[in-house]
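The structure under discussion appears below in the form of structure tokens.
The values are calculated or read from the model by the stated rules, or taken from the named source; none is laboratory data. Every value quoted in this text rests on a predicted model; they were computed, and no experiment measured them. Cβ sites come from the backbone with ideal geometry, for glycine too, and all protein chains shown count toward neighbours.
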Amino acid sequence: MISVIIPAYNAERWIDQTIRSVTTQTWKDVEIIVVDDGSTDRTAEIASGSDAERVRVIRQSNSGSGAARNRGLSEARGEFIQFLDADDILGPDKLARQMEALGKNRAGSIASCAWGRFTGEPESAEFPDEPVWHVEDPVEWLVRSLDGGGMMQPGAWLTPRSIIDAAGPWNESLTLHDDGEYFTRVLLKASRNVFVPEARVFYRDVEGSLSRDRSRTAIESAFAVCRLRGEHLLAIRDDKAAKRAIATQYAQFAYEHGEAAPDLAIEALKAIEDLGVSPNVGIGGRLFAFLSKVLGFRAALHLRHDLRASPRGRQ
């Protein structure tokens with residue numbers, strides 16, 4: 001059995017289509033657990049009107065997506081776990097293809113797949129092949145991903161329950177990028193990443209979604225994820241490549257959030273200095289990447305800040 005865990009908050013526009021993408025899977029041994037996280041719209045009502053035999057709707061007060069996923073895990077009975085956001089869609093044979101692939105690989109493997117973004121209809125999604133997708137060794141996957149080699153959308157993973165239990169629960173103190181911290185722990189408990197290119201997940205790009213949150217709380221969460229991912233990775237692999245990957249994620253944080261949270265950007269730069277390596281210079285646009293290569297990342301970041309703070313930059 002596969003347990004599909006769907007945390008949902010005010011998702012009445014999408015939840016029916018998301019659930020139908022699971023109930024129509026070619027793999028039939030599936031239970032669906034929708035955890036309504038204190039929605040104020042018709043999310044729970046719509047979810048409850050779905051396939052009653054396979055869909056369980058659990059209501060809780062608003063506690064965050066991590067808490068909702070943990071609640072779903074506590075109720076799940078499946079030997080495999082699929083996390084799915086309430087606005088995303090599984091390809092019709094996604095689970096079957098991944099289960100077939102896992103059946104051909106050794107115990108301890110997890111499965112991933114291609115994923116693409118869309119804003120209108122799922123058919124408009126494109127699936128750009130990122131280099132990191134095909135990396136089989138989970139630790140090397142993390143190193144290359146943090147170093148700018150790409151990422152894996154949370155819905156793309158299908159994970160044996162034994163690995164989920166070994167990794168531990170979702171960190172409920174995190175908001176932005178909590179999936180990055182969680183799946184770092186999952187990967188570090190796995191023996192192999194089995195990429196299944198024919199299986200697909202459709203990621204709905206929604207204005208105002210959690211991934212677009214740039215509040216102080218969200219930025220603090222993103223910084224905490226940088227620190228935690230670094231700690232998790234270095235506990236397993238402490239070499240120059242791993243340190244450079246961690247430095248690169250700190251550099252990406254400073255580039256993205258430096259203006260909104262200059263104090264945390266300073267901490268990120270200090271973390272890079274402590275690692276004793278230079279981050280990947282591919283961060284940002286072509287001009288910034290060029291300046292980083294010529295001047296160094298810190299100097300390029302300061303120059304970017306000064307230019308943006310100037311009267312011309314504010315226009």
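Of everything in region 71-108 that's among the acidic types (Asp, Glu) and under 17 Å from the mean Cα position of the chain (by Cα), which residue is surrounded by the fewest Cβ atoms within 10 Å (Cβ to Cβ)? The selected residue is Asp87. Residue count for region 228-262 under the criterion of being over 25 Å from Arg214 (Cα atoms), part of a helix (DSSP H, G or I) and in contact (Cβ under 8 Å) with a residue 60 or more places away in the chain: the result is 4. For region 197-205, does any single residue satisfy the condition of being of a type outside the set (Gly, Ala, Ser), more than 27 Å from Asn10 (Cα to Cα), in contact with a strand residue (DSSP E or B) (Cβ under 9 Å, 6 or more places away or on another chain) and at pLDDT 95 or above? Yes, that holds for at least one residue.
What residue, among those in region 1-51 that are in a helix (DSSP H, G or I) and acidic (Asp, Glu), is farthest from the chain's Cα centre (by Cα)?
Going through the qualifying residues, I end up with Glu45.
Figure legend. Inter-residue proximity from region 212-227: first residues touching a residue at least 12 places away in the same chain (Cβ under 8 Å), second residues surrounded by 14 or more Cβ atoms within 10 Å (Cβ to Cβ) and among the aromatic types (Phe, Trp, Tyr), beta-carbon distance below 8 Å, spacing 6+ or different chains. Indicated pairs: Ala222/Phe253; Phe223/Phe253; Cys226/Tyr250; Cys226/Phe253.
Would you check if Asn10 is under 21 Å from Tyr182 (Cβ atoms), polar (S, T, N, Q) and in contact (Cβ under 8 Å) with a residue 12 or more places away in the chain? Here the answer is no, as Asn10 does not meet what is asked. Is it the case that region 141-150 has a residue that's polar (S, T, N, Q), surrounded by 15 or more Cβ atoms within 10 Å (Cβ to Cβ) and within 23 Å of Val206 (Cβ to Cβ)? Taking every residue of region 141-150 in turn, none turns out to be polar (S, T, N, Q), surrounded by 15 or more Cβ atoms within 10 Å (Cβ to Cβ) and within 23 Å of Val206 (Cβ to Cβ).
Taking into account only those residues within region 1-49 that are small (Gly, Ala, Ser) and surrounded by fewer than 19 Cβ atoms within 10 Å (Cβ to Cβ), which is modelled with the lowest pLDDT? Once the filter is applied, the top-ranked residue is Gly49.
Evaluate region 50-66: report whether one residue or more is basic (Lys, Arg), within 28 Å of Arg97 (Cβ to Cβ), assigned by TED's automatic domain parsing to the domain that holds His177 and buried (at least 21 other Cβ atoms within 10 Å of the Cβ). For region 50-66, residues basic (Lys, Arg), within 28 Å of Arg97 (Cβ to Cβ), assigned by TED's automatic domain parsing to the domain that holds His177 and buried (at least 21 other Cβ atoms within 10 Å of the Cβ): absent.
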